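Structure first, then comments.
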Amino acid sequence: MPLELEVSPYHYSQVNRILREAIEKGERELVLRGVNGHRYLLAGVSQSVRVEIYGTPGLDLGAFMRGPEIRVYGNVQDGAGNTMDEGKIIVHGMAGDVVGYAMRGGKIHIYGDVGYRVGIHMKAYMQKIPVIVIGGKAGDFLGEYMAGGVIILLGMNSNYPERPLAGLFLGTGMHGGAIYVRGKVKESQLGAGLKPYPLETEDEKILETHLKDYCEDFGLNLSDVLKEDFLKIIPYTHRPYGKLYAY
Amino acid sequence: MWNLTTLGREVSGCGISGIIHRKGEPISGQMIIKSICCQYERGNGLGAGFAAYGIYPDFKDYYALHVMAQSKEALEKVEDFLQRRTFLTFQEPIPTRKVKTIHNPPLFKRYFVKPRVEGEESCGLFAEEEQMVQIVMEINEKIEGAYVISSGKNMGAFKGVGFPDEIAEFFRVDEYRAYIWTAHNRFPTNTPGWWGGAHPFTLLDWSIVHNGEISSYGTNRRYLELFGYKCTLLTDTEVVAYALDLLIRKLGLPLELACKAMAPPFWMEIDEMEEEERELYSALRILYGGAVLNGPFAILFAYNGGLVGLNDRVKLRPLVAASKGDLYFMGSEEAAIRSICPDPERVWAPKAGEPVIIEMEEGAIPNQKSYLKVRPKEVREDALRIRSIPLSLFTS
């Protein structure tokens, strides 16, 4: 039986204390109800716990975490998955700005749209490859300063029919990792030193692995997602900013 | 009490919240208090404030001057000045409560006035408002230790140094009912908080709450001074209030274009526009360059008839909007909205630089204003009309 908590009467610092104590005592399944604006939930937690959240968690959900799997039935605010290291955040709604900021491992699956600067400063090392999959559309500066990892932008489940798939300055400052886009983006949207490329076999494998997992999380049909062509956006030189300060 | 020489420009990371009822039905102050207090951690106790519209129905045709003063003497000077320059119909102290954590608050009094325009009591709205702007500027600039913190009809600002719950308690905000509310929770990072530096900033019925930093403050200030606006409150947000007044009320720009003048599209975006649009935005950037707000900001501004949310062009501060029926909400965080409306019909994140404009239904409130359309030329003879600028100006 998971531990169920109604957190609406409590300040976030109290909720986090209760969560930590419960996890310390060996609780591995938690259900939080009445969440609204509670900050830093599960931040820094390194145990493999499964957490269901009902409501709108506050800023920096799962920041620095290393292990938990968080499923949010609602929207997440800014900074979800900030510098997370391992684990997973599954969001059944939409997400705010700077989701996955400096993320270094684990996965973030968003059903709907995301805000600005998602995946900013993402990085990868050896086997640690962070992944963000966005089911809807993204604001400007997606993957800004990205150094590693994978961002997949689907544009399928969006509340904003009038907006473009991705905003301006896509991947500005990006020098590693890859952004996969289902559909097309204009080259004028891309940051300096980036180009869209068609997928290679290796890319298709990566996409299929991640999208299969994504579709399972939301009960979607993988073949529907793969119906359309994807583009891969990467820097076209090894060190696009190598001479920025040395010319 | 206020050693203003030590104060400079303010840089802040704050929380904002706003509510409007499109049919003009009154909303309890308790609602906006709850919403801004949901974002408690966005402030640090150095400033909070509220703007409320529709709170003085008995004096709806008079300008309600909320005056903050350091001393009785300063208030007397204000009163002398008002006797000379306005028809003063009613005055009273602004009701306050004692709050343990608020020490030595300034004096607050409200005056309901109409300006004397060349001795006449009635004149056109534009002339009357011009006169009110002059009166406010003169008090703020010339009467030491006294500031007008709001000056619109049927509205008022309540602000000071403290957390939002403390300021709400102090000014008895829970006892007011308004059809538009905005609120601010301040986190000044560059300057000490002082009562005049709290948000909202106002002029006439414009009120602004702001999260961010107007790094173009100097440019904006010099630009506004050309038109007679005096920046006396030492906080960057003040320029936004005056810029709105200049662009919309004086120069007659439709609201959306005024927002685009303050947060214009990038030239690279303009380059990709269709010809007509490209000319319009080029003109806007050329003509109103001095009004461009640079730096990170999310602002909410209100007037008698509308509530508007606006982000800087690259969305460096958060802003969320939501609606349920005739109620519209905006805030720094979605949670702030859900704390007072758990089940909104629509929640969305406004795009950078694109204003969210919610105007009330026509005829919903007295002295209602609407700025959605270009107003007829006779209303603003000296206005710069963007459509009448010769196209030859834009051959680049």
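Here are some notes:
- Odd one out for A:Pro161 among (1) surrounded by fewer than 21 Cβ atoms within 10 Å (Cβ to Cβ); (2) in contact with a strand residue (DSSP E or B) (Cβ under 8 Å, 6 or more places away or on another chain); (3) within 14 Å of chain B (Cβ to nearest Cβ): (2)
- Every listed requirement among (1) within 23 Å of B:Thr96 (Cβ to Cβ); (2) away from chain A (no Cβ under 14 Å); (3) touching a residue at least 24 places away in the same chain (Cβ under 8 Å) is met by B:Gly24 save one, (1).
- Scanning the stretch A:84-103 for residues that are away from every other protein chain (no Cβ under 13 Å) and more than 11 Å from the chain's Cα centre (by Cα) returns A:Asp85, A:Glu86, A:Gly87, A:His92.
- Tally, over the stretch A:114-127, of residues that are surrounded by fewer than 24 Cβ atoms within 10 Å (Cβ to Cβ), at pLDDT 95 or above and farther than 21 Å from A:His238 by Cβ: 1
- In the stretch B:210-233, of all residues being in contact with an Asp or Glu (Cβ under 7 Å, 6 or more places away or on another chain) and in a loop (DSSP other than H, G, I, E, B), the one that is surrounded by the most Cβ atoms within 10 Å (Cβ to Cβ) corresponds to B:Ile214.
- Residue in the stretch A:122-136 that is under 19 Å from B:Arg317 (Cα atoms) and within 14 Å of chain B (Cβ to nearest Cβ) present: no
- Inter-residue pairs, beta-carbon under 9 Å, first over 17 Å from A:Gly149 (Cα atoms) and in the stretch A:73-86, second of a type in the set (Phe, Trp, Tyr) and surrounded by fewer than 21 Cβ atoms within 10 Å (Cβ to Cβ), 6+ apart: A:Tyr73/A:Tyr54; A:Gly74/A:Tyr54
- Among the residues making up the stretch A:74-83, those that are in a loop (DSSP other than H, G, I, E, B), over 9 Å from the mean Cα position of the chain (by Cα) and closer than 20 Å to A:Tyr160 by Cβ are A:Gly74, A:Asn75, A:Gln77, A:Asp78.
- Hits in the stretch B:300-334 (condition: of a type in the set (Ser, Thr, Tyr) and in a loop (DSSP other than H, G, I, E, B)): B:Ser332
- Among (1) within 14 Å of chain B (Cβ to nearest Cβ); (2) hydrophobic (A, V, I, L, M, F, W, C); (3) over 11 Å from the mean Cα position of the chain (by Cα); (4) buried (at least 24 other Cβ atoms within 10 Å of the Cβ) - the single one A:Met174 does not satisfy: (1)
- 3 or more residues under 12 Å from B:Ile208 (Cα atoms): qualifying helices (runs of 4 or more DSSP H) within the stretch B:234-276: B:238-244
- Taking the listed residues A:Arg33, A:Arg39, the one that is within 14 Å of chain B (Cβ to nearest Cβ), more than 29 Å from A:Arg163 (Cα to Cα) and surrounded by fewer than 21 Cβ atoms within 10 Å (Cβ to Cβ) is A:Arg33, with no other qualifying.
- Criterion (surrounded by 24 or more Cβ atoms within 10 Å (Cβ to Cβ) and over 18 Å from the mean Cα position of the chain (by Cα)) met by exactly one of B:Gly162, B:Gly152, B:Gly197: B:Gly162
- Residue in the stretch A:191-212 that is more than 16 Å from the chain's Cα centre (by Cα), among the polar types (S, T, N, Q), farther than 25 Å from A:Glu86 by Cα and modelled with pLDDT of 95 or more present: yes
- Top-ranked residue in the stretch B:339-358 [being outside any strand (DSSP E or B) and without any contact (Cβ under 8 Å) to a residue 40 or more places away in the chain; ranked as surrounded by the fewest Cβ atoms within 10 Å (Cβ to Cβ)]: B:Asp343
The values are calculated or read from the model by the stated rules, or taken from the named source; none is laboratory data. Computed from a predicted structure; not experimentally measured. All Cβ positions, even for glycine, are placed from backbone atoms using ideal geometry, and neighbour counts span all protein chains on display.
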